[in-house]
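Accompanying notes for the structure given below.
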Amino acid sequence: MNGLDVRAIGYSYGSKRALDGISLAVEPGRFCALLGPNGAGKSTLFSLLTRLIVTREGQITVAGHDLARHPRAALARIGVVFQQPTLDLDMTVRQNLRYFSGLHGLSGRRAAAAIDAALARLGMAERGDEQVRALNGGHRRRMEIARALVHAPQVLLLDEPTVGLDAAARAAITDHVHALAEAGMAVLWATHLVDEISPTDQVVVLHKGHVLFDGNAATLAGDKGLGPTFLSMTADTSAVPA
Ligand SMILES: Nc1ncnc2c1ncn2[C@@H]1O[C@H](COP(=O)(O)OP(=O)(O)OP(=O)(O)O)[C@@H](O)[C@H]1O
């Protein structure tokens with residue numbers, strides 16, 4: 001499989017079970033919302049997907065590469081936007097992206113072309129020479145997404161990327177990332193906000209380390225709507241296997 005495949009992953013912090021045998025798959029061209037309330041395990045899963053932490057339970061495959069056995073090949077195919085911004089505010093947008101390109105072995109004209117293409121995809125083509133400090137929160141976030149694209153990954157991971165942004169900036173970023181999925185990328189977007197999800201998106205509902213639902217957003221929404229359905233699912237602790 002060319003996208004992301006997570007099979008029976010488990011993880012505990014000491015005696016605290018954070019993820020308990022979760023499986024999900026995101027195919028190329030799909031926007032998958034990983035929807036879960038606080039403490040569901042979203043950030044733990046992202047840490048496992050990016051190898052900040054490791055587990056012996058289960059298997060993660062990125063674009064056909066086993067993350068545990070071939071981490072370099074697997075990680076090279078992942079672009080990631082973490083919850084906490086990690087930008088150098090005193091450098092320009094392009095300088096930030098050039099530095100990051102270098103970490104991926106890109107330099108010179110190849111790096112410049114990759115940076116231009118990534119900025120254009122996020123509607124940031126005109127902003128390359130601005131100092132990051134001068135950008136608003138929405139544009140800083142877009143720049144971080146552009147930075148995650150410079151090495152042409154096949155899988156894009158975003159951990160609650162709209163935290164702290166106003167409604168217009170959230171909508172713009174959500175639209176941009178949906179367009180990246182439509183262009184062929186496998187996108188995993190962690191959130192607890194249902195208005196970031198489109199009816200045709202894949203949704204994986206995570207609660208207390210368990211997958212409660214994996215399917216189409218419109219199916220999950222049913223007659224009640226996505227918000228009320230999600231709230232009632234995650235309020236009902238009996239929905240979580242013991
Ligand atoms: N370093 C840690 N040590 C102990 N427990 C932890 C640690 N990190 C997370 N946990 C616990 O693991 C569970 C999953 O946490 P995680 O941060 O992955 O959830 P989340 O869905 O990302 O939540 P949020 O939306 O608040 O970021 C929670 O019960 C949390 O308290």
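The values are calculated or read from the model by the stated rules, or taken from the named source; none is laboratory data. Predicted model only: the values in this text are computed from it and were never measured. Positions of Cβ are generated from backbone atoms using ideal geometry, with glycine treated the same way; all protein chains shown enter the neighbour counts. Accessible surface is based on the protein model in full, side chains and every heavy atom, while ligands, DNA and RNA are left aside. Shrake-Rupley method; radii C 1.70, N 1.55, O 1.52, S 1.80 Å.
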Inspect all residues belonging to region 107-122 and state whether any of them is open to solvent by 20 Å² or more (accessible area, probe 1.4 Å), part of a loop (DSSP other than H, G, I, E, B) and modelled with pLDDT of 90 or more.
no
Restricting to strands (runs of 3 or more DSSP E) lying wholly in region 146-242: which have 2 or more residues that are surrounded by fewer than 20 Cβ atoms within 10 Å (Cβ to Cβ)?
210-216
How about region 1-21: which of its residues are modelled with pLDDT of 95 or more and under 17 Å from the mean Cα position of the chain (by Cα)?
Gly3, Leu4, Asp5, Val6
Taking interchain pairs and intrachain pairs at least six residues apart, which have beta carbon atoms under 7 angstrom, with the first residue in region 61-90 and among the polar types (S, T, N, Q) and the second assigned to a loop (DSSP other than H, G, I, E, B) and surrounded by fewer than 19 Cβ atoms within 10 Å (Cβ to Cβ)?
Thr61/Met1; Gln83/Val163
Name the single residue, out of those in region 123-139 being loosely packed, with under 14 Cβ neighbours inside 10 Å and of a type in the set (D, E, K, R), that is farthest from Asp166 (Cα to Cα).
Asp129
I want to confirm something. Restricting to region 110-166 and keeping residues that are of a type in the set (Val, Ile, Thr) and in contact (Cβ under 8 Å) with a residue 40 or more places away in the chain, which single residue is nearest to the ligand (Cβ to nearest atom)?
Val163
Working only within region 57-97, note down all residues that are assigned to a loop (DSSP other than H, G, I, E, B), at pLDDT 95 or above and surrounded by fewer than 17 Cβ atoms within 10 Å (Cβ to Cβ).
Glu57, Gly64, Ala68, Arg69, His70
So, in region 14-55, how many residues would count as being touching a residue at least 24 places away in the same chain (Cβ under 8 Å) and in a strand (DSSP E or B)?
15
